[in-house]
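Report on the following structure.
The values are calculated or read from the model by the stated rules, or taken from the named source; none is laboratory data. Being a predicted model, the structure only gives us computed values, none of them experimental. Because the Cβ atoms are built from the backbone with ideal geometry, glycine has one as well, and the counts that use them run over all protein chains shown. The protein model used for the area step is the full one, side chains on, heavy atoms only, and it has no ligands, DNA or RNA in it. Shrake-Rupley method; radii C 1.70, N 1.55, O 1.52, S 1.80 Å.
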Amino acid sequence: MMGGGQQQQQQLQQLSQELEELDVEIEEKEAEIEEFQAEKEGVDDAIEAIETLDSGSTVQVPLGGGAYLRAEVQDIDEIIVDLGGGYAAEQDSTDAIDALKSKKESLDDRISEVRSEIADLEQESQELEQRAQQMQQQMQQQQMQQMQQQAEDDQ
């Protein structure tokens, strides 16, 4: 009877470890969504800048490390847009905005996919928690039965 209790204890420990791993995975997915959201905000900022700036406008260009340089926009219809995979292309403002909107839609799709993955992981986590609770209840019932049996044997 004691061997079964040890086996259940090991199963509980394994379930606990699986739950911890799921929690870590969920946190990683949530961080991924935050990165996508930040990238979307950057895309929105870029679209707004393209729509509001004119040739001859003065802008601050980030140099990195928190340093900026003031520069004058020579031609608003010569925008270099990241195409992904390390490639970029020069586009006019309309095409650049279209490319950025497409990128934003792609980010929205990816956010939806990751949210769906999180929902699946949370469902799996709930199922594991229920199994763990059931096992704990069974172990408690077995302990109670053993204690009752021992008390009867002592009499």
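Assorted remarks:
- Added length on full extension, which subtracts the Cα-Cα distance from 0.36 nm per residue, ASP92 to ILE33: 18.2 nm
- Binning the C-alpha pair distances of region 25-101 at 10 Å intervals from 0 yields a P(r) profile of 16, 39, 32, 10, 2 %, listed from the shortest bin outward.
- Most positive-pole-ward Cα, ILE118, ILE79, GLN141, against dipole of region 13-148 from beta carbon charges: GLN141
- Unit charges on C-beta of K, R, D, E only; dipole of region 13-148, Debye: 520 debye
- Against the criterion of solvent-accessible heavy-atom surface with a 1.4 angstrom probe, ARG110, ARG70, ARG115 sort, most first, into ARG70, ARG115, ARG110.
- Helix 93-154 axis, angle to the chain major axis (alpha carbon atoms, nearest 10°): 10 degrees
- Summarised as an ellipsoid, the chain has semi-axes of 62, 14, 11 Å, derived from the eigenvalues of the Cα gyration tensor scaled by 5 and square-rooted, with the largest first.
- Between MET139 and VAL59, the modelled labels are 6.1 nm apart [label points 7 Å from Cα along Cα→Cβ].
- The distance from the alpha carbon centre of region 1-50 to that of region 81-117 is 26 Å, rounded to a whole number.
- The slack in the chain from ARG131 to ALA119, taken as 0.36 nm per residue of separation less the alpha-carbon distance, amounts to 2.5 nm.
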